[in-house]
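A short write-up of the structure that comes next.
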Amino acid sequence: MKQYLPILMIFTIAVGFGAMNIVISHLMGRKKATRAKLSPYECGMDPVGSARQRFSVKFYLVAMLFILFDIEAIFLVPWAVVFRGLSESLSKMFVFFEMMIFIGVLLVGYIYAWKKGLFEWNRG
Amino acid sequence: MEILFILFAAIAVAGALNVILQRNPIYSAIGLIVTLCALAGLFLTLAAQFIAAIQIIVYAGAIMVLFVFVIMLLNIREEESKIDRQRYLKWLAAPLFVALLAEVYFVIRVVSYDPKPLPAQGAVPPGQILGTVESIGNAMFTTYLLPFEATSVLILMAIVGSMLLARRERTVSEVTIVTAEQIEAAQLEREDEAHETETVGAGH
Amino acid sequence: MSIDVGFLLEALIKIVVVFHIVLIILAYTVYAERRVLAVIQNRLGPNRVGPQGLLQPFADLLKFIFKEELVPLAANKWLYLLAPLVALVPAFMTMIVYPFGGTVNLPWVGEIDLVVTHFNVGLLYVFAMTSLGVYGIVIAGWASNSKYSLLGGLRSSAQMVSYELALSLSVIGALLQAGSLDLVEIVRAQGGFFGLGWHIFWFQPLGFFIFLISAIAETNRIPFDLPEAETELVAGFHTEYSAMKFALFFLGEYANMLTASVLATVLFLGGWQGPFVDQFPLLGPVYFLGKVFFFIFLYIWLRGTLPRFRYDQLMNFGWKFLLPAALFNIVLSAIVALFAL
């Protein structure tokens, strides 16, 4: 598993690089903060209300659908990797149809979501 | 390799402690993300390469995005210090904790565990090395074919379920969320009105 | 497992070298973008610092260092500081699997592989890192406690997750052809036909275009740059950032662009493969960088040419067109692979 160790190295280096840059800029930059400078930017006007607001349920739905289809994509990966190397033609045909069933079932879900108007962004 | 295990385990435990000790739910969520990434590291030390990658892509990269979305955008204030409703949970937690400890002890001491030695890489094709994509792909279409197909149905059910969640939202706040039918109905009404005023105007 | 000191030392040296190469590429991508955009728009662009303005990136660096650093009063300080790092680090972590070339024989060094490391789940590693990059943007948007930032972060993350799907589905076809997730193996699989066995020619043109479009959306670039649509959201999620923290977001974005270009090269354009690479392995990095720079140029060219999508168009396009197209491509590729063409 030694091939994976460079991940730790690059992680350390990248964090070090980023932190170093922030620290250097923190030390070198001028600091002359005023109240107006430190208030949230709203095109020069005084900020109106809080930025913490609630948002459309669409965003949660997108996140949820993303999880579901992401899992599907993950299942496709091992299949895609082994498929070409399967030797006997019978089992290859078998695996092909197994995967088509898998995709087909999920396609039903996709069509259902479409028909329910989930992808209609300009409404609701 | 032990040193890596200790490193990742320490990060995972620290992240998990962060999840339960922080008052601000955002910090808790970040703690959970850290824990999940550390778990991916632990999987790697166990040579479960594919699972490690999936751990990050699905858990840290997808499911936690939803968590963070919900926490940030539902605008949950810092957890209030006293919630009476949850006081009894303390009494539930203690036996659960003991049960968990017993379980861990059972797994370590009682269950006989005979790990197969990992073959050296390069000597055998990747399909026979445990934990690689190839070995998982092969297992998926032979031994675990039924669970694999069942998963698709499970995901389908989840899609329908999430759709239902959103629909309930719609009926609760009909004022803010306008459905397509409502728009259509409103347009028809407006057209009727326009038509009426036109005919009335022509009459004058 | 014993620790292989030789391997680790070699990896460390390679990482340091690759890190510098990547930094230089990123710095000059910014410069090239400004110059090319200037040419497209009939301007001159930065040409004062050094010959042809070639020292401009260093001047920019100094400027970023000496700029005033602000932490808005309303911001959540720790998350505000953390966000640029979260955006930058995963973007930089992918560079260890960039396959610059095959095995070459260098004078004084001997035989080395022109890649820091490669492993069984290489492509998934890259995807894992890009999926972590979302947090930098979400955290920045939320921690700044400004409306523009929050809207920008929200839009950006919804867009990124939507297109990540099409992105990961579009590569399945190429994986079917290559039969591996290891980036080096994927490139090796495209070595046939006189170094032109590239996946874009061999049954993956559709996959290539889906990948390209979703990669551009994934990196938040024009025409999908809604998160920082300056005419409506000021600067999106980094509205409240200044000095080096802003520069880190900027670097992260360009690093993601580079990663997307590298992936497009590796998966569809044969990586370092090309005519005569077998005879002269040193041609490999030349081909590789040439193809990568082509994609970076494409990014800039698109920015100079195309208008921006509207948000609902963007989401519709991703979910209603790209996703089914990617699924269609998978079925098509599976049929091709079934008959082992």
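No lab work stands behind these numbers, since they all come straight from the coordinates. Just so we're clear, the structure is a prediction, and the values are computed from it rather than from any experiment. With ideal geometry, Cβ positions are generated from the backbone for all residues, glycine too; neighbour counts draw on all protein chains shown.
Could you list C:Val17, C:Val22 so that the one with the fewest beta carbons within 10 Å of its beta carbon is first and the one with the most is last?
Neighbour counts put them in this order, fewest first: C:Val17, C:Val22.
For a quick check: sort C:Glu185, B:Glu103 by the number of other beta carbons within 10 angstrom, fewest at the front.
Listed from fewest to most nearby Cβ atoms, that is B:Glu103, C:Glu185.
Past 29 Å, Cα to Cα: identify those pairs from A:Lys32/C:Lys245; C:Lys14/C:Lys67; C:Lys14/C:Lys291; C:Lys67/C:Lys291, in the order given.
C:Lys14/C:Lys67; C:Lys67/C:Lys291
Using the Cα gyration tensor of the range C:207-341, with a ≥ b ≥ c the square roots of its eigenvalues, what is the shape: rounded (a/c below 1.5), prolate (a/b larger than b/c) or oblate (neither)?
Numbers: a/c = 2.85, a/b = 1.33, b/c = 2.14.
It comes out oblate by the Cα gyration axes.
Over chain C, what is the relative contact order in percent, taking alpha-carbon pairs closer than 8 angstrom and at least six residues apart?
The normalised contact order for chain C reaches 23 percent.
Can you sort C:Asp60, C:Asp4 so the residue with the fewest Cβ neighbours within 10 Å comes first? Display every interim value, and only then the final one.
Details: C:Asp60 18, C:Asp4 12.
The order, fewest Cβ neighbours first, is C:Asp4, C:Asp60.
When the expected Rg is taken as 2.2 N^0.38 Å, what fraction or multiple of it is the alpha-carbon Rg of the range B:1-79?
That ratio works out to 1.17.
For chain C, what is the calculated [θ] at 222 nm in deg cm²/dmol (nearest 500), taking -39500 (n - 2.57) for each run of four or more DSSP H residues and dividing by its residue count?
Calculated mean residue ellipticity at 222 nm is -21000 deg cm²/dmol.
Working from Cα positions, state the angle (0 to 90°, nearest 10) between the long axis of helix C:283-305 and the longest principal axis of chain C.
It works out to around 40 degrees.
Would you kindly compute the Cα radius of gyration of chain C and its largest Cα-Cα separation (Dmax), both in Å?
20.6, 64
Treating only the Cβ of Lys, Arg, Asp and Glu as charged (+1, +1, -1, -1), what charge dipole size does the range C:67-338 show about its Cα centre? Round to the nearest 20 debye.
Roughly 400 debye for the range C:67-338.
Using alpha carbons only, how many degrees (0 to 90, rounded to 10) separate the axis of helix C:323-338 from the longest principal axis of chain C?
It works out to around 10 degrees.
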